[in-house]
Every structure is written in structure tokens, then in C-alpha cells.
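The values are calculated or read from the model by the stated rules, or taken from the named source; none is laboratory data. Worth saying up front: this structure is predicted, and the values here are computed from it rather than measured. No Cβ is skipped: glycine too gets one built from the backbone with ideal geometry, and neighbour counts run over all protein chains shown.
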Amino acid sequence: MPSVHRTRPLAAALACALLAPALANTPPAAGAPTAEALQAERASVHAWRTQRLDALTGDDGMLTLAGLFWLKPGDNTFGRGAGNALVLDNPSLADTAGSFVVSSQKVRFEARAGAGVTHDGRPVSSLELVPDSAGEPTLLASGALRFFVIERAGNLGVRVRDLNNPHRLGFLGLSYFPVSTAWAIDAHFEAYQPAHHIKIMNILGMEQDMESPGALVFRKDGRDWRLDAVLEQPGDTELFVMFADATSGHETYGAGRFLRVPLPSGDSVRVDFNKAYNPPCALNDFATCPLPPSQNRLRLRIAAGEKTYAGAPAHHH
């Protein structure tokens, strides 16, 4: 079973004891990372991996996703029964829990009496639902299920989480390339004035326009490479990067990986590929992942960051 950061304590202690004199007595080769730099990078990446794992396996993590239903105008009945417009066969759900009523891009949930649907611990009768695009989405509950409205490229849908999802209970852990300071790169930030607008397609074929304030330009294998970075939301303090490389579809997820980079204040920025991670759709069928734009598909082998998930879904809905 792959592990995020589990080590064998005795073996690790012996390795440290054996390596310590060599590190102390051998000056680093020209351009080689110092032991201190590698130790600092390992500590930073370890903290990041721990945070990623906590987010992934938590109640709001991608491993709890259990359903995604796109809504049509008018009534969309929801429940376990086959006669509903939206059918989710789950013991936490009533035969008919209620109906999502869509009108003028607004969604109201009309609960079936006695169906056990709650909001903030109180039974729901009729409630207008805020979608995730407008802030914190309105969360409804039924047993171990949580459901809420999402908006993607103008399409409204219902996303369902199951706190007892087998994906979560049987999570196999994450695996990574070894941490290397060679992949923590000081890149040049080439600002776009004015900002570019990039068409981003998601895994379901929906297209959205994203703002790119600039490109990350870095040198590797004797040449320059560039990645367009985008802002997920106006006012973000991080750049979001979607990229594919020569490991995609081999050691890493076929559709590419994600990376977050601090929004630079000047013309340089640290790009740490050791913190590259899989998109949610690498771990769950019910995600709506954006795909890297064509200019971010590099013929460079980026042997850093997260590898393919051992329990990756075989297909997408």
C-alpha cells in the first residue's frame, strides 16, 4: 500500500547515521544542493503533503463524492426510487427526498414531508439554494449524505457527498516521486499586460474563460519552458497551473496535474514541482476537472510531485 510519508523508523535512523559523516565531510559539487537546502525542501514538502492528505480525506474532501446530477429547468425529483429524475441508490436517502426546482438560473429544494432532509440540523420544507459559484453553497443533509448545488460554465448541478463513501473508507494513500531541490525552481514571471483570457475545457467538455495574469518561464534540460498560470477567482493570492508533461499517462495521471504558486510581487517566483498534485478526477468519477490548455502540455519529463493514484477510477461519467 503506497504511503504518503510513512517511514521505517529504524531504517531511517540507520540511514541518517550512515549519511551524516559523509554529508559533513564532503563539500557539495558545484551547483549541487546543500544538505540544508534538501532538508528544508523535504520539510516543506512533508508539511504540504500532510495538509493535502487531511483535505482529501476530510468530510469535504474529494473522496466523499458520490454523485453528480445536472439539472433541467423545472422540477427535478431526487431520491432512491427509480421513478425520480435524479436517482441515487443510497440507504441514507428516502425513496423520494424531494425536488430541485430550477427557474431563471435559481434552484429551490422542495422537500417531501418526512423525508429526513435537513439544513443546519433542522428539517427542510422549502429552501432556495446558493450554488458554489456564489459563495459557500447551501448544504443539505440526509443521513450520511450531503448535497449542494454547483455551477459549471452556466450549467447547474447537484453534487452529492457520502461521508461513508467506500472511496474514503478504502483509501489507498498517495505516492510521490522522491523530493528533489532540482524541481524547486526560481522561475521568471512574465506578466501579461493586459491579462490574457484562456479558454479552459473541463473533463466533461464544458468550456470556461479564465484570466491569465502571466506565464511562468523556467530553464530545464538546456532550454526554456513556459506555463500559462490562471486565477481561479478574482483577487486570489495564488496562481493556478494546469499542466501535462512526459510523465502524463505513464507515472502520473493521464489528463495532467495541478500546481499552485504564490502570486509574484515582482518578476520572479518559486515554482515547486514537488508539490504538483493530481486533479480530483484522478481519484473520483464525480469531479469536473479543468484540463491543461494546449500550451501547457510540455515535452519535458517532470519527475516530481504526485504519481498516479493506485485506486484511480477506470472511467468517467
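Observations, loosely collected:
- Yes/no for residue 228 being free of Cβ contacts under 8 Å to residues at least 12 places away in the same chain, under 17 Å from residue 185 (Cα atoms) and either assigned to a loop (DSSP other than H, G, I, E, B) or not aromatic (Phe, Trp, Tyr) (or both): no
- Against the numbered list (1) modelled with pLDDT of 95 or more; (2) over 22 Å from residue 301 (Cα atoms); (3) outside any strand (DSSP E or B), residue 212 comes up short only at (3).
- For the range 175-194, the candidate set comprises residues that are touching a strand residue (DSSP E or B) at 6+ places or on another chain (Cβ under 6 Å), surrounded by 14 or more Cβ atoms within 10 Å (Cβ to Cβ) and among the aliphatic types (A, V, I, L, M); within that set, the residue that is farthest from residue 57 (Cα to Cα) is 187.
- Of all the residues in the range 92-107, those that are of a type outside the set (A, V, I, L, M, F, W, C), at pLDDT 95 or above and within 28 Å of the chain's Cα centre (by Cα) number 2.
- Qualifying positions in the range 274-310 - among the β-branched types (Val, Ile, Thr) and either surrounded by fewer than 18 Cβ atoms within 10 Å (Cβ to Cβ) or modelled with pLDDT of 95 or more (or both): 302, 308
- Some residue of the range 161-182 being closer than 22 Å to residue 278 by Cα, out of contact with any His (no Cβ under 7 Å at 6 or more places or on another chain), of a type in the set (Phe, Trp, Tyr) and in a strand (DSSP E or B): yes
- Residues located in the range 132-147, provided they are part of a loop (DSSP other than H, G, I, E, B) and surrounded by fewer than 20 Cβ atoms within 10 Å (Cβ to Cβ): 135, 136, 137, 139, 143, 144
- Hey, residue 150 modelled with pLDDT of 95 or more, over 30 Å from residue 33 (Cα atoms), in a strand (DSSP E or B) and in contact with a Gly (Cβ under 6 Å, 6 or more places away or on another chain) or not: yes
- Condition check for residue 286: in the same structural domain as residue 206 (by TED's automatic domain parsing), in a loop (DSSP other than H, G, I, E, B) and not basic (Lys, Arg): yes
- Taking residues in the range 32-52 that are assigned to a helix (DSSP H, G or I), and partners anywhere that are among the β-branched types (Val, Ile, Thr) and at pLDDT 95 or above, the pairs with Cβ atoms closer than 8 Å and at least 6 places apart or on different chains are 37/181; 38/179; 38/181; 41/179; 41/181; 42/179; 45/179.
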